[in-house]
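The values are calculated or read from the model by the stated rules, or taken from the named source; none is laboratory data. The shown structure was predicted, so the numbers you read here are calculated from the model rather than taken from an experiment. Please note: Cβ atoms are built from the backbone with ideal geometry, for glycine as well, and neighbour counts cover all protein chains shown. The area values use the complete protein model at the heavy-atom level, side chains included, leaving out ligands, DNA and RNA. Shrake-Rupley method; radii C 1.70, N 1.55, O 1.52, S 1.80 Å.
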Amino acid sequence: MRDLLVVGIVLFGSLYALRQPWVGAILWAWVSLMNPHNLAFGFAHSFPVAAIVAVATMIGVATTKDRQNPFDQPPVIWLALFLGWMCFTYPFSYNVEGSTDMLTKIVKIDLMTLVTLMVLKTRRHIEIFVWVVAGSLAFYGVKGGIFTIINGGNYRVWGPGGFIGGNNELALALIMIIPLIRFIQLQVTKTWMRRACSAAMLLTAAAALGSHSRGALLGIAAMAIYLWLKSPKKLGFGIGMVIAGMGLVLFMPEEWSARMNSIQDYEQDASSMGRINAWWAAFNVAKAHITGAGFDMYTYEIFARFAPNPLDLHAAHSIYFQVLGEQGFIGLFLFIGMWYSAWRMAGSIIRYKTNDPDRAWCKVLAAMCQVSLIGYAVGGAFLSLAYFDLPYDILVIIVLVKKWMFAGTSADPAVEKDVSITQFSRKAST
């Protein structure tokens, strides 16, 4: 039954995307983040769902006139430069053949990111995209949170596969979508939906803790501090945050507490020292080669030449050192520039002075995207997720909101015809 449901949704959505490519962009976000085919047990598990969605969406984009220029905003230019640099460095990789699969995957993700920017335009498009991005991962957050509570946090929560197959990777993805769920909660009008969002956020946080990921703990702490600093009611928000945090932490077993406490004793932790060894290897590679070593740099041959401990082979476990080792200092500059540009754009949305109540949601969503980026910047410092889809979806949201907010005035006929999810729900309830 699961197989028929997943394949049916993909085929129906792909056919619809031939005429309405924005549907294909939404469907791609669902497939790439949730990996629904991995939840099936039959033919859907090996069905080329991502390829079908991508091809149908590309055809729809090529045949429609209702598309916009994706390269008219600074973060997208940085993204294009970063992608171009990765394609340029590819032939200079230590192992070209071993780097091919990752480059192919990255090109697909970035191209679909650009396609999404071309076909999503209206407020309704943006809100649906946010719901799908948040919901695709909230499924695992709610599921993992229930699992954590039932088992008292004694067993780790693992991911569905792909970029977030591991416990640490899933945890970072989960903390990043909590702000998006909060945005949804602030937009819906029905009480039961707001309560459902509250439950989803708490369970997702519990699942992140249940992964036993130290990086996720640091990330969610940084997000909480930022939210507190920006909160107009610091005392009430701070008390509520401390109570919720202490409740979750006290619920976790001693094994979890011991693992989290090992952060301050990193010199005695083999995993931490292995990461530091990999970071030095990446730094030494970047000093020796302007183009880096390529995506397949985590071999004994490279570590024997560049790592302090040549026998301690580890992945980078850091988005920054991952890019540094694989793409060199220029690649790292472009990578950081892209996210800094996205952060500044979100800030410009928040600071924009307007009395138009129809634009208030833009400020809220931009603020929540900034919180997600903080989680990625801090938690990602300890995980190899430089090319994961979710951060690029956050970038897409920021760019689309900026374009809608500054170009979409009441005098714009396209915006006058737009009906948001929130507006629709209010009309339906009346």
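Full-extension gain between LYS230 and LYS190, please, as 0.36 nm times their residue separation minus the C-alpha to C-alpha distance. Mind showing how you got there, number by number?
Working: separation 40, 0.36 × 40 = 14.40 nm, distance 2.62 nm.
Here the segment from LYS230 to LYS190 would lengthen by 11.8 nm.
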Handout entry: Most fluctuating residue given options LEU311, LEU203, LEU227, as computed from a GNM of the chain linking Cα atoms under 10 Å
Key = LEU311
Problem - Selected from ARG195, ARG182, ARG359 as most flexible by GNM, with the chain as the system and alpha-carbon contacts under 10 Å - result: ARG195
Completion exercise
Taking R0 as 41 Å and r as the Cβ-Cβ distance between PHE283 and ILE243, the FRET efficiency 1/(1 + (r/R0)^6), rounded to the nearest 0.05, comes to 0.45
Practice task
Using label points projected 7 Å from each Cα along Cα→Cβ, tell me how many nm separate ASP312 and VAL107, to one decimal.
Solution key: 3.7 nm
Practice task
Among PRO391, PRO91, PRO179, determine the one that fluctuates most according to a GNM of the chain built with springs between C-alpha atoms less than 10 Å apart.
Solution key: PRO91
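Can you compute the FRET efficiency between ALA407 and ARG344 using 1/(1 + (r/R0)^6), with r the Cβ-Cβ distance and R0 = 22 Å? Round to the nearest 0.05. Could the numbers behind the result be given before it?
Values: r = 18 Å, r/R0 = 0.83.
Efficiency, from the Cβ-Cβ distance: 0.75.
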Problem - From phi via Karplus (6.51, -1.76, 1.60), per-residue ³J(HN,Hα) for segment 285-296 in Hz, x at Gly/Pro - result: 4, 5, 5, 8, 9, 5, 9, x, 9, x, 5, 9
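Give the carbon-plus-sulfur fraction of the accessible surface of the chain in %, rounded to a whole number; probe 1.4 Å, heavy atoms of protein chains only.
Working: 12970 of 19700 Å².
Whole-percent figure for carbon plus sulfur exposure: 66.
Rounded to the nearest 500, what is the 222 nm mean residue ellipticity of the chain from helices alone, with -39500 (n - 2.57) per DSSP H run of 4+ residues and division by all residues? Let's see the in-between values first.
Working: 18 runs with 308 residues, N = 430.
Mean residue ellipticity, 222 nm, calculated: -24000 deg cm²/dmol.
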Practice task
Treating only the Cβ atoms of Lys and Arg (+1) and Asp and Glu (-1) as charged, compute the dipole magnitude of the chain about its Cα centre; round to the nearest 20 debye.
Solution key: 1700 debye
Exercise for the section: For the chain, report the accessible area per residue in Å² (1.4 Å probe, heavy atoms, rounded to an integer). Expected result: 46 Å²
Practice task
Normalising by the residue count of the chain, find the relative contact order in percent from Cα pairs under 8 Å and 6+ residues apart.
Solution key: 20 percent
Completion exercise
hull vol. (C-alpha, convex hull) per residue for the chain, Å³ -> 159 Å³
Exercise for the section: Could I have the simple spin-label model distance between LYS65 and TYR300, label points 7 Å from Cα toward Cβ, reported in nm to one decimal? Expected result: 6.3 nm
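Would you mind checking LYS65/LYS108; LYS190/LYS230; LYS65/LYS143 for any pair whose Cα atoms are more than 31 angstrom apart? Spell out each step's value before the answer.
Details: LYS65/LYS108 23 Å; LYS190/LYS230 26 Å; LYS65/LYS143 41 Å.
Those over the limit are LYS65/LYS143.
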Completion exercise
The farthest towards the positive end of the charge dipole of segment 1-120, of the residues VAL107, MET86, PRO48, given +1 on Cβ of Lys and Arg and -1 on Cβ of Asp and Glu, is PRO48
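Grab the Cα-Cα distance for PHE88 and GLU255, subtract it from 0.36 nm times how many residues apart they are, and report the gain in nm with one decimal. Walk me through the intermediate numbers first.
Working: separation 167, 0.36 × 167 = 60.12 nm, distance 4.58 nm.
Gain in length upon complete extension: 55.5 nm.
Using r as the Cβ-Cβ distance of ILE290 and VAL55, and R0 as 30 Å, what FRET efficiency do you calculate, to the nearest 0.05?
Values: r = 36 Å, r/R0 = 1.20.
Using R0 = 30 Å, I get an efficiency of 0.25.
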